[in-house]
Amino acid sequence: MSIFDKIKEKLSHEFIDIVEWLDYTDDTIAHRFERYQNEIKTGAKLIVREGQAAVFINEGQLADVFTPGTYDLTTQNLPILSTLKGWKYGFNSPFKAEVYFVNTHLFTDEKWGTKNPITLNDDRFGLVEIRAFGTYAFKIAEPGKFIVDIVGTDNNFTNFEINEHLKSLIATRFTDTVGEANLPIELYAANTTELSETCQEVMQPEFMSVGISLERFYIENVSMPEELKKEIFEYSRIDKLDLDKLTKFKTAKAIEAAALNEGGTAGAGMGMGMGFVLAQQMGGMMSPQMGGQQAMPQQQAVGAMPPPMPQATQYFYAANGAQAGPVGFAQLQSLFASRSINKETLIWKAGMDGWKALSEIEELKGFLGGNTPPPLP
């Protein structure tokens, strides 16, 4: 650049009498108005459009902030800058100050998500992992604070530069919020609206500390491992069903399937049972020839008496610090399904030397899931 070009640049910038900025982008948050040696002509007009704010910085100090409108830059309209410079009687020469235009409109559809799974402790399923993602919207509520605390001397500050900081803040506060909520794991996905509102309230002070207002916060999805989903769905179905009816229904279906599967193990068992019946009948026919006439009535008498019914196991359980029961296996399973008891509940039955947690008793471990048999062939 020649000396004449420098003179032209100085003259064309020093005596600019209109200070304004037209934003042709969709991601700029703050833009510094450039002029030669930061000089502004006395009495120049400042034009601040809707959705903008103009921030004057003098030697690193926040001076005046202008909202939308047209202003004549005089000592009357620049009271703080006049005080900083010590102008008591006005000024008639160009003055120096940095002018930043800040976009105050709403920045929408910003993405956020958890980079790593969040570990939660559920009463029924133990430690589980979830992920979440969604969108948020923000705007600059305090332009002066935002320029001083975030922008600094950056001449063109975009939302990309602040988004990484905001995403980290959101992920941290979201993790804290869901951890303190202590909801059953399946309710996180079912209550995204309430959870979104709670998270927004928690995060708002953090955003406002740097002059940003969190206007919208949405949780679009809360995901979990497929294995955990299957356990939750099965647990939910059991919770809604009559366990006694369900057991009878499954038993009837199993018998029906076994009868149709003649070549399988069940068919072989039925064949063996029929063989025993035929053997007894043949033994009865041969017994007169072998002198078993007197033995037959005795055998029939013995065969006519069924064995004694097995005693159903009765369980006692602790509830609200008191002993409850006894109840049968099916009743205990219903109590677990309805969340009246959980895996930590103390249980005792005849033959045990003391109370134990439900999860430690072998025949009750099936309540916790993971022991569902495969479908019948």
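Please enumerate the residues belonging to segment 119-148 that are in contact with a Ser or Thr (Cβ under 6 Å, 6 or more places away or on another chain), farther than 30 Å from PRO68 by Cβ and buried (at least 19 other Cβ atoms within 10 Å of the Cβ).
ALA132
So, of the residues in segment 149-173 that are under 15 Å from VAL210 (Cα atoms) and aliphatic (A, V, I, L, M), which turns out to be most open to solvent (accessible area, probe 1.4 Å)?
ILE150
Quickly run through segment 208-233 and pick out the residues that are more than 30 Å from LEU368 (Cβ to Cβ) and not in a strand (DSSP E or B).
Result: MET208, SER209, VAL210, GLY211.
Tell me, which strands (runs of 3 or more DSSP E) lie completely within segment 106-207 with 2 or more residues that are more than 15 Å from the chain's Cα centre (by Cα) and more than 23 Å from ASN221 (Cα to Cα)?
Output list reads 126-140, 156-158.
Please count how many residues of segment 174-186 are within 14 Å of ALA132 (Cβ to Cβ) and open to solvent by less than 60 Å² (accessible area, probe 1.4 Å).
Summing the residues that are within 14 Å of ALA132 (Cβ to Cβ) and open to solvent by less than 60 Å² (accessible area, probe 1.4 Å) in segment 174-186 gives 7.
Counting residues that are of a type in the set (S, T, N, Q), which strands (runs of 3 or more DSSP E) fully inside segment 20-68 reach at least 2?
52-58
Could you list, in sequence order, the residues of segment 50-72 that are surrounded by fewer than 16 Cβ atoms within 10 Å (Cβ to Cβ) and either out of contact with any His (no Cβ under 6 Å at 6 or more places or on another chain) or closer than 17 Å to LYS96 by Cα (or both)?
Within segment 50-72, GLU50, GLU59, GLY60, GLN61, THR67, PRO68, GLY69, THR70, ASP72 qualify.
Tell me which of these THR75 doesn't satisfy, since it passes every other one: (1) at pLDDT 90 or above; (2) assigned to a loop (DSSP other than H, G, I, E, B); (3) open to solvent by less than 70 Å² (accessible area, probe 1.4 Å).
Of the numbered conditions (1) at pLDDT 90 or above; (2) assigned to a loop (DSSP other than H, G, I, E, B); (3) open to solvent by less than 70 Å² (accessible area, probe 1.4 Å), the odd one out for THR75 is (1).
Among the residues of segment 190-208, what is the count of those that are open to solvent by 50 Å² or more (accessible area, probe 1.4 Å) and among the hydroxyl-bearing types (Ser, Thr, Tyr)?
Looking only at that region, the number is 2.
Of the residues that sit in segment 186-217 and are of a type outside the set (A, V, I, L, M) and in contact with a Leu (Cβ under 8 Å, 6 or more places away or on another chain), which one is nearest to ILE162 (Cα to Cα)?
Here the residue is PHE207.
Output yes when any residue across segment 209-217 is buried (at least 17 other Cβ atoms within 10 Å of the Cβ), in contact with a Cys (Cβ under 8 Å, 6 or more places away or on another chain) and within 29 Å of HIS105 (Cα to Cα), and no when none is.
Looking through segment 209-217, at least one residue is buried (at least 17 other Cβ atoms within 10 Å of the Cβ), in contact with a Cys (Cβ under 8 Å, 6 or more places away or on another chain) and within 29 Å of HIS105 (Cα to Cα).
The values are calculated or read from the model by the stated rules, or taken from the named source; none is laboratory data. Computed from a predicted model, the values in this text were never measured in an experiment. Note: ideal-geometry Cβ built from the backbone for every residue, glycine included; neighbour counts use all protein chains shown. Side chains are part of the model used for accessible areas, which takes the heavy atoms of the whole protein and leaves out ligands, DNA and RNA. Shrake-Rupley method; radii C 1.70, N 1.55, O 1.52, S 1.80 Å.
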